[in-house]
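Student: Shown below is the structure under consideration.
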Amino acid sequence: MARPDEFTFAPLGGVGEIGMNLSIYGLGNRHQRSWLAVDLGVSFGDEEHLPGIDLIMPDVRFLEKEKKNLVGLVLTHAHEDHFGAIIDLWPKLGCPIYATKFSASLFAAKLAAERTTLKIPITEVPSGGTIDLGPFSVEFIPVAHSIPESHALAIRTSVGTVLHTGDWKIDPTPVVGPPTDEARLRQLGDEGVLALIGDSTNAVRDGRSPSEAEVAVSLAGLIKSAKGRVAVTTFASNVGRIRAVADAAKAAGREVVLVGRAMDRVAQVARETGHLDGVQSFRGPEYYGHFPPDKVLALCTGSQGEPRAALARIAKDDHPEITLNKGDCVIFSSRTIPGNEKSVGSIINGLVTQGIDVITDRDHLVHVSGHPRRDELREMISWVRPQLLIPVHGEALHLNEHAKLARQMGVPKVMTCRNGNLIRLGPGDPAVIDQLPSGRLYKDGTILEQDTSRAVVERRKMAFAGCAFVALALTETGELADDPEVDLVGMPENNTAGEPLEDIVFDAVVSTVEGLPRARRRDPDAVAESVRRTVRSIVQAEWGKKPLCTVHVLTV
Ligand SMILES: [Zn+2]
Ligand SMILES: [Zn+2]
């Protein structure tokens, strides 16, 4: 007798962290499953812990192995934490990709900006539409979020239906696009939902997230009352915010100048897909200087303090076209993502020092989150009435709070999980039935590396304590053929007594080699190891830090 089909779910990224979302759904049994992937996003590295790593991506080893059973990749929306890894990882998977128009167009624009000849086709699905992919039927249900065309996915199978919420909030007036489709979600609840896999980002925050329309009103007031030049920075992908700023500028008689490539790209895609219909046309930065200060507004990238983005350059007075003076105003219509506080802080301080008025969400309603707070989570649960709820898209605390809230709401089964857990959603009681290979990949320059790679560990050590290079040549009988070469990189020149560290290390190297028994001196590896230990400990004694040390021994 054939085994009954199971409906399974596994997060391969995005659980226990905010970023690099990748979820997979399986239908079949332990011998043969079809897989559907949802989203393929990145996380951003932070300089201190991961020097030189800009992007972190989910390890897709498992999907690569199951490639022939992978029916497709479906995108909920076009935020980097949901679609930023496609260009790097899709070549390993080669599956069809499905998304609605805005996400597909933004992806095409992003791909075109890369120096690649890679062709990655995305099949467009209408918002509200349904596609059949192998044993899965996937319906794109519109939800409000901080980018156009975010969708919850209703994934229907012979075993039952899952609602994968993606990123969402309940915003009755989202400025761009329709509000969250409550009626459709209620209908889904009436049909019966086996499991809700849901956004936990704001599960620790009480109440409801304010509406984008409230932010628009607040921005309009601030821009109207500004006397000098105004610069606004926001996430380029937040088209609702771009629209709110543009409308506020128009009401205040100001032209909008777009500054930064990401802003140009999103604005262009938003125009093409109708999300900026009726909005005044934007101008390039070259026009900025043509208008009187109270007739212009610069909309800039760089809200996270990115050093190469427009705002950082403006703050340093290093932008070829955009300048600000005492009495001008900069509005941060954004939230500082944890890890970026220092860079954003230094930009704000730079602006304040120049006498520029800085407005942030600390003092005015100039930003709202795109994720649901607790009352919104409760509402979603009451519409969908799932048998099982699994919190995702959050750190441990967020997942746990979402789970507790679901239990309080009387959801019959609530499960928390980790990346790599393969969970049977049904039939029968939900359970973790396997552990799939999962992990993180680092984008290091142009190379993708496992997170166990030595490169980052060594760079971190080097950043902290430098590196000592020693080269020495030994004769056949084990005598030093010449003076050893010593190079200390990233270390102070002298110790506290003023003696050159290089001389101290040199003497230590010579006496170590000469002090080794003759038999040992004929073994270059043994010599290298002894010298390495000596160098590290002598530098520690002199400096209080242990550097990396590389020793080359040649026999002549
Ligand atoms: Zn997200
Ligand atoms: Zn998002």
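The values are calculated or read from the model by the stated rules, or taken from the named source; none is laboratory data. The shown structure was predicted, so the numbers you read here are calculated from the model rather than taken from an experiment. For neighbour counting, all protein chains shown are included, and Cβ atoms are generated from backbone atoms with ideal geometry for every residue, glycine included.
Student: List the helices (runs of 4 or more DSSP H) that sit entirely inside segment 54-104 and contain at least 1 residues that are of a type in the set (Val, Ile, Thr) and buried (at least 18 other Cβ atoms within 10 Å of the Cβ).
Tutor: 86-93
Student: Which residue, of Asp507, Asp483, Asp487, is assigned by the TED database to the domain that holds Thr550, charged (D, E, K, R) and closer than 13 Å to Ile538 by Cβ?
Tutor: Of the residues listed, the single one that is assigned by the TED database to the domain that holds Thr550, charged (D, E, K, R) and closer than 13 Å to Ile538 by Cβ is Asp507.
Student: Counting only residues that are of a type in the set (Lys, Arg) and under 17 Å from Leu436 (Cα atoms), which one in segment 1-46 is nearest to ligand 1 (Cβ to nearest atom)?
Tutor: By that ranking, first place goes to Arg33.
Student: Please go through segment 352-386 and give me each residue that is charged (D, E, K, R) and in contact (Cβ under 8 Å) with a residue 12 or more places away in the chain, ordered by number.
Tutor: Correct list: Asp357, Asp361, Arg373, Arg374, Asp375, Glu376, Arg378, Glu379, Arg385.
Student: Next question. If you check every pair at least six apart or on different chains, which have Cβ atoms under 7 Å apart with a residue in segment 305-324 that is closer than 13 Å to Leu351 by Cβ first and a residue that is modelled with pLDDT of 95 or more and of a type in the set (D, E, K, R) second?
Tutor: Listed pairs, sorted by first residue: Leu324/Arg229.
Student: Kindly indicate whether Phe464 is aromatic (Phe, Trp, Tyr), at pLDDT below 95 and not in a strand (DSSP E or B).
Tutor: Working: aromatic (Phe, Trp, Tyr): yes; at pLDDT below 95: yes; not in a strand (DSSP E or B): yes.
Yes; evaluated as a whole, the condition is true for this residue.
Student: Checking Thr496 against (1) in a helix (DSSP H, G or I); (2) under 44 Å from the mean Cα position of the chain (by Cα); (3) not basic (Lys, Arg), which test does it fail?
Tutor: Unmet condition: (1).
Student: Looking at Ala216, Ala248, Ala195, Ala226, which one is surrounded by 22 or more Cβ atoms within 10 Å (Cβ to Cβ) and closer than 26 Å to Gly284 by Cα?
Tutor: Answer to the check: Ala248.
Student: How many of the residues in segment 268-292 are over 28 Å from the mean Cα position of the chain (by Cα) and in contact (Cβ under 8 Å) with a residue 60 or more places away in the chain?
Tutor: Count: 0.
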